[in-house]
């Protein structure tokens, strides 16, 4: 859905992800690139301006969470602003009313109203187990009525065909009465559209809305319309007071920036997105999930949350101070890092997060073959003397044999442990501040390839 935007933002964040600190200069450089990415994605200018102002205000002079790198903190700020722009939380359908709960579908001709009525009926049927009735008041297009009837049969939901020569208002009133008598829980109404907004269409829909008193009035919007879709949504909302938006054709090649613009411009939430042509390809819209998808960092965001929750900040601070004072990374420090990683679910946690990434670092790839690698490494270190942990260079032949015997391992396992330790040690020498978060920053190969 956001492939192009994700790629552009990934390029923008490269400049800041590995910075040692956030400065006004590198923040401005990155924000400039973010602005370009949003413009290319067809995000509304007023939304871009507000978004950039908020990110800049929260980034410059911001106190960095001690468990994160400045680059990670900046991405968290961007993520929060994306969520804020799109509505902060999912807004489910409001079906809590005396049956039938009327849901009115409005929008221009060709945006996918008819198809998405069937999709929503299928979703309500699966999610809420409601008895549903579908009707069409589009008396101007017999093909639209027939299409809705065919789709209703396909999803096994009742359809009430209009009587000849009835007006849209008469069809609406008769259908509501029919739904009450036959104990339907939900009534979905498909209204007529036009190729453009006109007074006759808006007056007709307004009258239908007035007599039907819908609990939801959903505006169906074609994401491929770009800025025209945003302008259209604004007019519909001003004249009809819509309750939410269904964004269609999000699986296409459109730039999809309107997903970031709709909530800000109309004040109304995106409730669903259409992800394909099939009747089951409709999803509730979750701003947080969408923000992570836009950033291309679903897995990294989850890891950052776990670092915040599970890594001991006291140990991070202590380790940082030791490194700053010239302390040489040793096996005692390595053991602490192993225990912190185990708190987060072990190396399998990272492996599973990046299971689709073919660019795992060599050390992680080797450890993937052994589910108990961390436990084995811990056992071997615990079999060492305090002097051996503090000075690993003294561990030679006889010491290796004793450590292997004491931990129930082989000499080859001890060699592998020492090699992994040496790899981490070299990496730690390049990192000014320590902790699992900083180790992750150094292990570039386990990050998504966009970064």
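Every number here is computed from the coordinates shown, using simple stated rules; none is lab data. Not measured: the values here are computed from a predicted model. With ideal geometry, Cβ positions are generated from the backbone for all residues, glycine too; neighbour counts draw on all protein chains shown.
Is region 135-197 rounded, prolate or oblate when judged by the Cα gyration tensor, a ≥ b ≥ c being the square roots of its eigenvalues, rounded requiring a/c under 1.5 and prolate requiring a/b larger than b/c?
On the way: a/c = 1.86, a/b = 1.27, b/c = 1.46.
Here region 135-197 falls in the oblate category.
Order of 380, 409 from fewest to most other C-beta atoms within 10 Å? Don't skip to the end; give the middle numbers.
Working: 380 23, 409 19.
Ranked by crowding around the Cβ, least crowded first: 409, 380.
Evaluate E = 1/(1 + (r/R0)^6) for residue 178 and residue 84, where r is the Cβ-Cβ distance and R0 equals 35 Å; express this FRET efficiency to the nearest 0.05.
Working: r = 43 Å, r/R0 = 1.24.
It comes out at approximately 0.20.
How long is the gain from residue 289 to residue 396 if the chain were fully straight, where each residue apart is worth 0.36 nm and the alpha carbon distance is subtracted? Mind dumping the intermediate values first?
Details: separation 107, 0.36 × 107 = 38.52 nm, distance 5.09 nm.
Taking residue 289 through residue 396 to full extension adds about 33.4 nm, to one decimal.
Listing 414, 279 from the residue with the fewest other Cβ atoms within 10 Å to the one with the most, what is the order? Numbers along the way, then the final one.
Values: 414 22, 279 17.
Final ranking by Cβ density, sparse to dense: 279, 414.
Just rank 235, 48, fewest to most, by other beta-carbon atoms within 10 angstrom.
Lowest count first: 235, 48.
For region 101-282, take the convex hull of the Cα atoms, compute a quarter of its surface area, and give me that in nm², please.
Values: hull surface 37.7 nm².
Averaged projected area of region 101-282's Cα convex hull equals 9.4 nm².
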